[in-house]
Amino acid sequence: AGWLWEQRDKTVAPEKYAMLTTAVSSKMLKTFADHAGFQFFETLTGFKWMSHVAMEKEALGLRVLFSFEEALGYMPGTTVLDKDGISSACLALSLAAHLHASHSSLTQHLLATSRTLGFHLSHNGYLRTPSPTTFPCILAALRTNGIILPPQNTPPPFRLASMRDLAAGKDSGEPGGRTA
């Protein structure tokens, strides 16, 4: 994302650019958007959703530079409206060559980016419940106070920064509290 941002047409205002990711992906791209001034959009999981939103945003006059889904792939630009490993590999090699010529490395670049934007941690996993009646209780606890109480002998609960509840049409991370 950062390499594409550096290579963009700088005569176009930052807010005329957009980048996208999915609800299950790192929030570092959102932090980058806040820092750089481009528009950020989060979609449901899957490239079909990112492709659809990318086409919508381009129809509104935005330039979509980059989209990604954590652990699944990257979609640089909108030439290929799906994950595109070949274009992504070419971009990574281009960045690596540029950094090598500048006596730097991908690792050093990632550390410098993290120092600027902050270090981001993702914790993905599954929640298995002992019975079908447990999950509605978990959702009720999340809707009420944004916390899940853990079983005994487990680490303390996570506090949620935001919660998207598609069944209720609510998203505490969006303006107005409604799902996008």
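The values are calculated or read from the model by the stated rules, or taken from the named source; none is laboratory data. Source: prediction; values computed, not measured. We place every Cβ from the backbone using ideal geometry, glycine too, and count neighbours over all the protein chains shown. Side chains are part of the model used for accessible areas, which takes the heavy atoms of the whole protein and leaves out ligands, DNA and RNA. Shrake-Rupley method; radii C 1.70, N 1.55, O 1.52, S 1.80 Å.
Listing for the model above:
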quantity: In segment 101-143, residue surrounded by the fewest Cβ atoms within 10 Å (Cβ to Cβ) [restricted to those that are at pLDDT below 75 and hydroxyl-bearing (S, T, Y)]; calculated: Y126
quantity: Residues of segment 59-78 classified as open to solvent by 80 Å² or more (accessible area, probe 1.4 Å), within 15 Å of the chain's Cα centre (by Cα) and of a type outside the set (G, A, S), total; calculated: 2
quantity: Conditions (1) open to solvent by less than 40 Å² (accessible area, probe 1.4 Å); (2) in contact with a helix residue (DSSP H, G or I) (Cβ under 8 Å, 6 or more places away or on another chain): number failed by L81; calculated: (1)
quantity: Test result for E56, open to solvent by 40 Å² or more (accessible area, probe 1.4 Å), modelled with pLDDT of 95 or more and acidic (D, E); calculated: yes
quantity: Residue selected from segment 34-52 under the condition aliphatic (A, V, I, L, M) and surrounded by fewer than 20 Cβ atoms within 10 Å (Cβ to Cβ), by the criterion nearest to D171 (Cα to Cα); calculated: L44
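This table checks each residue for (1) part of a loop (DSSP other than H, G, I, E, B); (2) under 11 Å from F68 (Cα atoms); (3) without any contact (Cβ under 8 Å) to a residue 40 or more places away in the chain.
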residue: A18; (1), (2), (3): no, no, no
residue: K30; (1), (2), (3): no, no, yes
residue: D34; (1), (2), (3): no, no, yes
residue: T45; (1), (2), (3): yes, yes, yes
